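Participant: Structure provided below as structure tokens; questions to follow.
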Amino acid sequence: MFGNVKIAPSILSADFMQMARDIQMIADAGADWIHVDVMDGHFVPNLTMGVPFVKDLNRIAPLPVDVHLMIDNPLRELPWFIEAGAYSITVHYEAFEHPETEISQAMNMIHDAGIKAALSLKPDTPVDDIASYLPQVDMVLMMSVYPGFSGQSYIPESGPRTQRLAQLCRQAGVAPIIQVDGGIKEATVGDTARAGADCFVMGSACFGSDDSAAAMAAVRAAATQAHVQGKEELR
């Protein structure tokens, strides 16, 4: 929380016919991570990249690969994605039938492989539902749109939800990275950044821009300024 601002462009919005070009472009433009949205067509209605893609991407990526699993059966498939290699792997709270035991299993499995472990929740999942898991995670991914498709509009309630998450983290005495994904651009990043978010997934606002470097720089500057405001409000 309130760490150095990180920008993680989502390659779901990249040109799949020019993927290597677009990945190098965001690296040259100042991105911090590469965000990979894995969707299985069941947990969310869309179907995207799978294990072979993540494996090949990790082999050539000039930046840390941040894998976001939007899949129905994470415990079964986690070993495949761990083997494919990643800097971090995010699983969804809602994907577990028995979260009280299975989330710990997932976090331990990821950590045992030396990978950063993260937990995500949809916009309609109460933030307090994940309070007991906060000491186990390196990052929490707050969805600021409903997962499944790129190009959606930012949900304004994401700011108060991020603020509540930050409160729960302080109460637990932990400080995971707070990542926000969905509709992030210069005009929307301030709410969650002021609440304590420090990593921002950009999709169409990055790859759809005529100047991706300028778009990322604008989001970074707006988030950094919002951090200053947020820290002042906590005093």
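Participant: Taking θ = phi - 60°, what integer Hz values does the Karplus form 6.51 cos²θ - 1.76 cosθ + 1.60 yield along region 12-29, in sequence order, with x for Gly and Pro?
Facilitator: In residue order, the calculated couplings are 4, 9, 7, 7, 5, 7, 9, 4, 4, 4, 5, 5, 5, 4, 6, 5, 5, 7 Hz.
Participant: Tell me the carbon and sulfur percent of the accessible area for the chain, rounded to whole percent, probe radius 1.4 Å.
Facilitator: Roughly 49 percent of what the probe reaches on the chain is carbon or sulfur.
Participant: Right, another one. So what's the gap between the Cα centers of region 135-184 and region 29-106, to the nearest angstrom?
Facilitator: After rounding, the separation between the Cα centres reads 17 Å.
Participant: Another one. Accessible area per residue, 1.4 Å probe, Å², for region 104-235: what's the number?
Facilitator: So region 104-235 comes to 42 Å² accessible per residue, rounded to a whole number.
Participant: Give the peptides 220-227, 2-9, 111-118 in descending order of average Cβ contacts within 10 Å, highest first.
Facilitator: Per-residue mean Cβ counts within 10 Å order the peptides as 2-9, 220-227, 111-118.
Participant: Defining a contact as two alpha carbons under 8 Å apart and six or more residues distant in sequence, what relative contact order in percent does region 40-87 show?
Facilitator: RCO, region 40-87: 51 percent.
Participant: Sticking with this one: Amide H neighbours of Met142 under 5 Å, at least 5 residues apart or on other chains, H built in the peptide plane: list them.
Facilitator: Gln179, Val180, Asp181
Participant: So what are the three principal axis dimensions of the chain from its Cα atoms, in whole Å, longest to shortest?
Facilitator: Per principal axis, max minus min of the Cα coordinates gives 47, 46, 30 Å.
Participant: Would you work out the charge dipole size for the chain about its Cα centre, treating the Cβ of every Lys and Arg as +1 and the Cβ of every Asp and Glu as -1, and quote it to the nearest 20 debye?
Facilitator: Computed about the Cα centre, the dipole is about 540 debye.
Participant: Relative contact order for region 40-175: what is it in percent, counting Cα pairs under 8 Å that are at least 6 residues apart? Please report the intermediate quantities before stating the final value.
Facilitator: On the way: 187 pairs, mean separation 26.4, N = 136.
With pairs under 8 Å counted, the relative contact order is 19 percent.
The values are calculated or read from the model by the stated rules, or taken from the named source; none is laboratory data. Not measured: the values here are computed from a predicted model. Here Cβ is always computed from backbone atoms with ideal geometry, including for glycine, and neighbour counts include all displayed protein chains. Remember, those area values only see protein heavy atoms, side chains included, never the ligands or the DNA or RNA. Shrake-Rupley method; radii C 1.70, N 1.55, O 1.52, S 1.80 Å.
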